[in-house]
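**Student:** Sharing a structure, written as structure tokens. Questions coming.
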Amino acid sequence: MARSQSPETLSVGPPPDLAAWMTHYGERLRHYFARRAPTADVDDLVQDVFLNLQSARLHPPIADVERYLFTVAHHALINMRRHRTVRRSALHDSLDEAPEPSSELSPERILVARQEIARVVKAVEALPPRARDAFRLHRFDDLTYAVIAERMGISRESVKELLQRATSRVSCALRLDG
């Protein structure tokens with residue numbers, strides 16, 4: 001085949017001039033993939049397109065090389081997304097296999113719940129007085145930051161800081177205690 005032929009006029013007979021197509025379409029395919037896929041995957045996707053083309057047994061010749069390449073590129077994107085979806089789904093456990101929680105209140109469940117409540121109450125009681133008051137007003141009385149700030153005579157930002165520290169301390173106490 002003559003080197004002066006443009007890639008658009010190339011047809012696929014055995015074997016296609018992949019080097020000319022890679023030179024002519026490689027950057028355009030990279031640009032196409034860069035807008036549609038993570039940057040780390042762009043070169044792999046371009047390579048997939050040309051590997052797919054190389055391994056294809058094409059008879060009759062390709063009439064529109066550009067259209068063919070970008071159709072293969074589109075399918076490469078679909079395959080990449082499908083593969084990632086399958087990989088992610090393998091990381092999750094099915095809820096069908098999870099044991100169903102018991103809806104009955106057994107003596108054991110009642111005891112565990114009472115112990116858990118006692119742990120929470122102990123952790124809240126251990127808070128400094130202002131943090132404890134803000135925590136109770138927010139968590140138990142379901143008041144907003146603005147209402148708590150008004151009742152306590154402090155700013156909303158101070159309420160927010162108190163609640164963050166209180167929540168952090170209660171969580172830490174429950175982790176250490178449990």
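**Student:** In segment 14-33, is there at least one residue being at pLDDT below 50 and not β-branched (V, I, T)?
**Tutor:** Kept after step one, since they are at pLDDT below 50, are these residues of segment 14-33: 14-15.
Add one more test, that the residue is not β-branched (V, I, T), and what stays is 14-15.
Yes, segment 14-33 has at least one match.
**Student:** Give A146, A113, A123 a once-over and let me know the one that is surrounded by 12 or more Cβ atoms within 10 Å (Cβ to Cβ), among the small types (G, A, S) and either outside any helix (DSSP H, G or I) or within 35 Å of the chain's Cα centre (by Cα) (or both). Working first, answer last.
**Tutor:** Details: A146 fails: surrounded by 12 or more Cβ atoms within 10 Å (Cβ to Cβ); A113 fails: surrounded by 12 or more Cβ atoms within 10 Å (Cβ to Cβ).
Answer to the selection: A123.
**Student:** Okay, moving on. Would you check if there is a residue in segment 87-107 being modelled with pLDDT of 85 or more, surrounded by 12 or more Cβ atoms within 10 Å (Cβ to Cβ) and not hydroxyl-bearing (S, T, Y)? Step through it out loud before you land on a result.
**Tutor:** In the first step, residues of segment 87-107 are kept if they are modelled with pLDDT of 85 or more; the result is 107.
Now restrict to residues that are surrounded by 12 or more Cβ atoms within 10 Å (Cβ to Cβ): none.
No, every residue in segment 87-107 fails to be modelled with pLDDT of 85 or more, surrounded by 12 or more Cβ atoms within 10 Å (Cβ to Cβ) and not hydroxyl-bearing (S, T, Y).
The values are calculated or read from the model by the stated rules, or taken from the named source; none is laboratory data. The model shown is predicted, which means the values in this text are computed figures rather than measured ones. As a convention, Cβ positions derive from the backbone with ideal geometry for all residues, glycine included, and neighbour counts pool all protein chains shown.
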